[in-house]
Amino acid sequence: MTPAPPAGGPATIIHLVPHTHWDREWYEPFQVFRMRLVELVDQLLDAMEADERLAFTLDGQLATVDDYLEVRPEHRERLVALIAAGRLAIGPWQILMDEFLVSGETIVRNLELGWHAAERLAGADAAMPVGYLPDMFGHVAQMPQILRRAGIRHAVVWRGVPAAIDRNAFVWRAPDGSEVRAEYLVGGYGNGAYLLAIPDKLGEKVARYVETSRAFYGDRSILAMYGTDHAVPSPRLAEIVAGVNAAQPAGGVEIRIETLATYIRAYDAALADPAAPDPAPAPVWAGELRSAARANMLSNVTSARIDIKMAAARAERTLERYAEPLAALHGGTWPERLLELAWRRVVDNSAHDSICGCSQDAVVDQVLSRFAEAEQIGRGIVAAAIRPLAEATPRGRVVVVNPSPHERVDLVEIDLDVPAAWEAVELELPGGERLPTQLVERPETVLRRLPLTGRQVPELFARRLHGRELFGHSLDGHLIEREGATSRLTLLVDDPAASAEFDVDGILDSVAAAVSAGPNDPWEVVVVRGDRRRLLAAVSAPPLGPTTVAPVEAAGAPARPIANAVVVDGRTIRNGLVSVAVDELGAMTIEGGGVHLEGAGRLVDGGDFGDTYNYGPPAEDRIVDRPSVVVVAQLESGPLRGRLDVVARYDWPIGLAAGGTARAEVNAPVEVTTTLELRAGEPFARVRIAFTNPARDHRVRWHLPLPAPTDRSAAEGQFAVVERGLTVEAGHGEVPLATAPAAAFVHAAGATILLDHVTEYELLDGRELALTVLRSTGLISRNENPFREDPAGPEVAVPDAQLIGPWEMAFAVMPHAGSWADAGVLAAVEAYRLPFATAAGRATGSKEAAEPQASGPALPSPPATGLALDGRGVVLSALRRRGSALEIRMLAQTDKSTEARISGLPIGAAWDVDLLGRRGDDIALAEDGSLRIALGPWEIRTVRFEADASAR
Ligand SMILES: [Zn+2]
């Protein structure tokens, strides 16, 4: 590992790693920082070519390389030569993400993108095999497993490392038991940045650095990260280092210029040789790293710009759970490039300053537009994937697709053409079974009445008719009535039975003939649409597969009784599994699963003199948590869906007094509408909170008192469910708030809150869960933040982070006794987060097939089968095509060993792959043709298999 020491005693080696930390966008937008990057890499290439002693580490992310080469494609070979020589370290990530605010799958795709881009640029193993995580605001529990399953045995971390780690290296263990050697960047990723800054005092500075490092390094050699944010290295570095080394006495200090890969690789030899003595018997840390003992944790980025977190969740879920799986199973040509473009946007946005919402407003605008684009591509892929199913389904029927890998019932809301004469409507499944429906809306059939003269009627067509389009509808027929003083022209639009080839010229000709005799005669033109109804039905669909429904006239006995139907009774809504009662002040009692949650839904508004990183209350806070008026209105009464609106009026202070000493004395009225929704058969209450935010510098939280005190919460996120206590470790000058992120759900004694997006929660005093609904702040970093001593960035104004204007947030509350695992929370998460997709049938057959019939249109059997993934605690993370194979990534979201079963398709050869797609062991098929895969607790597993192409 180290060369023989010079005579006179072993030298202390300083491994000097020149680098820069490159925030791609932050207090300046991407293009501004990129111009600096181009300048930096230009200088770097010149310097490294001029002095072959120089080495450099490009911040562990391929983004720095891509962004440079996009401007300087002609310098590609210069970069490749330095990488090949081992002097320039790149990757392994595509971008340095935030770990808590994106999905586990996004973290995996980030690594996949970065690793493969490095390979394409500079050959196999070009990426630095080090999980470099220098600036992330804490680290997720499963990171060691993610790294190990990509063949990486090392992590390098800074923030979040707890006080218990008292040296420069430790063993970091994931919930599944995977371990990496973690290098702790004592003092941060710029700990050696100023080591050689003062030419007259080089020896003195180096000696002092060695001395202060001893506490963590003992007599081991020392890592010094030489560089900082957006910093250009000195071209004279090697010369300076040579000077320092030459001036050292025998047995003094030897500085070596290395890449981080070179430094870390030295430990691989030690790890590979079990006989070799451990260079540093390391303490073990299991689980996430969220301590503020020696560096800012900046934990309230979770609630900064919540709109970004919402957009991230929408984009991720669209790609992970709809676009890829449905395109893989039901689509035509695999949309590889479109998915790459969409994922690239999601991964780019996962950069810690981007997803955290601690950036300039212009940056956030770009982040939101990237997420929107990713979601738009995803939705387009879903539509294209379902289109073959819709095209094989007759008009009048609706295709319903289940995104979950197990059979499920979901409430679908669909618009159907239904004859006006039908009193009640049922939906018929392919097997003939009939489902009851709930009417949501029956729109007016007369769209317009226009009093015109005979002369004006043809003018109407001349101006308003484009092809068949009239007033935004399709003109499909007409009727002329000439009785009485006023003649009438009825125009029939949007007729589901109309032929695609219908020619409107026939209508124009007969109307022209009818009006020609009396240009001044009065006419009434009536635009009429056939009867349509918006209906709800609880439809069952196969795993990741389709079913179809068609409207039929309800006759005789009701289709089948609705299990756990919803009943709304004044201020109470219930379905036999869960009930919610609202009192005069708007407080709710939620009951279910043997648990009473009293006083739920207190909305607490307080001041925030903090910034995007850290909440910080004003010196004298004024809490507003009592509405002045509460009105409860029934929106829907069941039996499939019931909804209550609870409208509460509050007076929130409009901002803070000057200097942040207190909240403003002036209040603004705000009407908060809380919509409570229960669905038949669901054991949870859906909650949606909407208001127009009139205030600045404040935090709004939704409180849920627990039925019994507890000292821990369990939060889902990034392939794990982590337990957290009531306190967090501090030390570096942050007030230790136990606010933390949760992705799909958070659980504490007697209640689980199902979440739509990564949400900030706090277990208050062990008695209440508080969810942050909105946090309004106006500065990236406030120098005088009352809850943080060390500033987190520049004091740049971000007025848009006040989020003035319309605001909405949704979640669901599931009361239950016992643990989340035993209460069926994972199934509830699927039901809450993954609504069925629907598409109207498009097959045009006989007229009979297109018109709703008493027995429903004739039906071919659904053309495609889905795929089932079963097993206690087994969760689907990804399903996509890889070449001719299907790849499925699953997670054992349980602390017990389990077995996953993959079935539903004819399966050929099957084999394991790692997270980078490298082939592992073959997997034998079970006798019934399914794949049965034993999974350890919290194991992430990726397998590929050949599926019979005709089955897709
Ligand atoms: Zn950073």
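In percent, how large is the relative contact order of the chain, given Cα pairs closer than 8 Å and 6 or more residues apart? Working shown, then result.
Details: 2373 pairs, mean separation 125.4, N = 952.
It rounds to 13 percent for the chain.
Which distance in nm do the two modelled labels at Asp229 and Glu481 give, with both placed 7 Å along the Cα-to-Cβ direction?
7.3 nm
Write down the Å³ per residue value for the convex hull defined by the alpha carbon atoms of segment 635-705.
Working: hull volume 6.8 nm³, N = 71.
Cα-based convex hull of segment 635-705, divided per residue, equals 96 Å³.
Given Cβ point charges of +1 (Lys, Arg) and -1 (Asp, Glu) and nothing else, what value in debye, to the nearest 20, does the dipole of the chain about its Cα centre take? Each step should come with its number before you reach the end.
On the way: 93 positive and 129 negative charges, 110 e Å.
Once rounded to the nearest 20, the dipole reads 520 debye.
Specify which residue in the list Pro558, Val525, Met588 is farthest towards the positive end of the charge dipole of segment 516-596, using unit charges on the beta carbon of Lys, Arg (+1) and Asp, Glu (-1), about the Cα centre.
Working it through, the farthest residue towards the positive pole turns out to be Pro558.
Evaluate the relative contact order of segment 517-605 (contact order divided by residue number), counting alpha-carbon pairs under 8 angstrom at least 6 apart; express in whole percent.
11 percent
What percent does the relative contact order of segment 624-774 come to when contacts are Cα pairs within less than 8 Å and at least six residues apart?
Dividing the mean separation by the residue count of segment 624-774 yields 17 percent.
So between Arg882 and Ala81, what do we pick up on full extension, going 0.36 nm a residue minus the alpha carbon distance?
On the way: separation 801, 0.36 × 801 = 288.36 nm, distance 3.13 nm.
Extra length available between Arg882 and Ala81 comes to 285.2 nm.
State to the nearest 20 debye the size of the charge dipole of segment 11-81 about its Cα centre, where the only charges are +1 on K and R beta carbons and -1 on D and E beta carbons. Don't skip to the end; give the middle numbers.
Working: 7 positive and 15 negative charges, 28 e Å.
Using Cβ point charges on Lys, Arg, Asp and Glu, segment 11-81 gives about 140 debye.
Compute the distance in nm between two label points, each set 7 Å from the Cα along the Cα-to-Cβ direction, one at Thr692 and one at Arg918.
Going by the 7 Å Cα→Cβ label model, 5.8 nm.
Cα centroids of segment 645-682 and segment 456-480: how far apart, whole angstrom?
48 Å
Please list the three semi-axes, largest first and in whole Å, of the ellipsoid equivalent to segment 64-205, using sqrt of 5 times the eigenvalues of its alpha carbon gyration tensor.
26, 24, 13
From the P(r) of the chain, could you give the percentage of C-alpha pairs in the tail past 36 Å?
57 percent
Just in segment 441-535: which trypsin sites (Lys or Arg not before Pro) are loop by DSSP and have at most 13 other Cβ atoms within 10 Å? Kindly include the intermediate steps, with their values, before the conclusion.
Working: sites: Arg448, Arg449, Arg455, Arg463, Arg464, Arg468, Arg482, Arg488, Arg529, Arg532, Arg533, Arg534; in loops: Arg455, Arg468, Arg482.
Those that pass, being in a loop and sparsely packed, are Arg482.
Looking at segment 481-552, which GluC sites (Glu not before Pro) are in a loop (DSSP not H, G, I, E or B) and have at most 14 other Cβ atoms within 10 Å?
Glu483, Glu501
Shape verdict for segment 702-799, please, from the Cα gyration tensor: rounded (a/c under 1.5), prolate (a/b greater than b/c) or oblate.
prolate
Looking at segment 653-724, which GluC sites (Glu not before Pro) are in a loop (DSSP not H, G, I, E or B) and have at most 16 other Cβ atoms within 10 Å?
Loop-located and lightly packed - Glu665.
Per residue Cα convex hull volume for segment 318-448, in cubic angstrom? Provide the component values of the computation, followed by the final result.
On the way: hull volume 25.3 nm³, N = 131.
Roughly 193 Å³ of hull volume per residue.
Checking the a/c ratio against 1.5 first, then a/b against b/c, what shape does the Cα gyration tensor give for segment 149-250?
prolate
So how far, in whole Å, is the C-alpha centre of segment 698-729 from the one of segment 157-193?
25 Å
Please work out the Cα center distance from segment 297-375 to segment 491-529, rounded to the nearest Å.
Measuring centre to centre over Cα atoms gives 48 Å.
Can you tell me the dipole magnitude for segment 121-246 around its Cα centre, using point charges on the Cβ only (Lys, Arg +1; Asp, Glu -1), in Debye to the nearest 20? Don't jump to the answer; show the numbers that get you there.
Values: 13 positive and 12 negative charges, 42 e Å.
Its charge dipole is roughly 200 debye.
Using only DSSP helix segments of four residues or longer, with each worth -39500 (n - 2.57), what per-residue ellipticity at 222 nm results for the chain after dividing by its residue count and rounding to 500?
-6500 deg cm²/dmol
What part of the accessible area of the chain, given as a whole %, is carbon or sulfur when the probe is 1.4 angstrom? List each step's numbers first, then the result.
On the way: 18430 of 35860 Å².
Of the solvent-accessible surface of the chain, carbon and sulfur hold 51 percent.
Quick one: accessible area per residue over the chain, 1.4 Å probe, rounded to a whole number of Å²? Could you put the intermediate results ahead of the total?
Details: 35860 Å² over 952 residues.
Using a 1.4 Å probe on heavy atoms only, each residue of the chain averages 38 Å².
Compute the Kirkwood hydrodynamic radius of segment 360-426, taking the inverse of the mean of 1/r over all pairs of distinct Cα atoms, and give it in Å to one decimal.
With all distinct Cα pairs of segment 360-426 included, I get 15.8 Å.
Considering the Cα positions of segment 469-542, please state its Rg to one decimal place and its Dmax as a whole number of Å.
Rg then Dmax for segment 469-542, in Å: 16.9, 62.
Rank Ala323, Pro335, Leu298 by how far each Cα sits towards the positive end of the charge dipole of segment 276-377 (+1 on Lys, Arg Cβ; -1 on Asp, Glu Cβ) and give me just the farthest.
Going by the charge dipole, the pick is Leu298.
Taking the Cα centre of the chain as the origin and placing charges on Cβ (Lys, Arg +1; Asp, Glu -1), which of Pro129, Ala351, Val400 is farthest toward the positive end of the dipole?
Checking the options against the dipole of the chain, the answer is Val400.
The values are calculated or read from the model by the stated rules, or taken from the named source; none is laboratory data. Because the structure is predicted, anything quoted here is derived from the model rather than measured. So basically every Cβ, Gly included, is an ideal-geometry build from the backbone, and we count neighbours across all protein chains shown. In case anyone asks, the SASA skips ligands and DNA or RNA and just uses the protein heavy atoms, side chains included. Shrake-Rupley method; radii C 1.70, N 1.55, O 1.52, S 1.80 Å.
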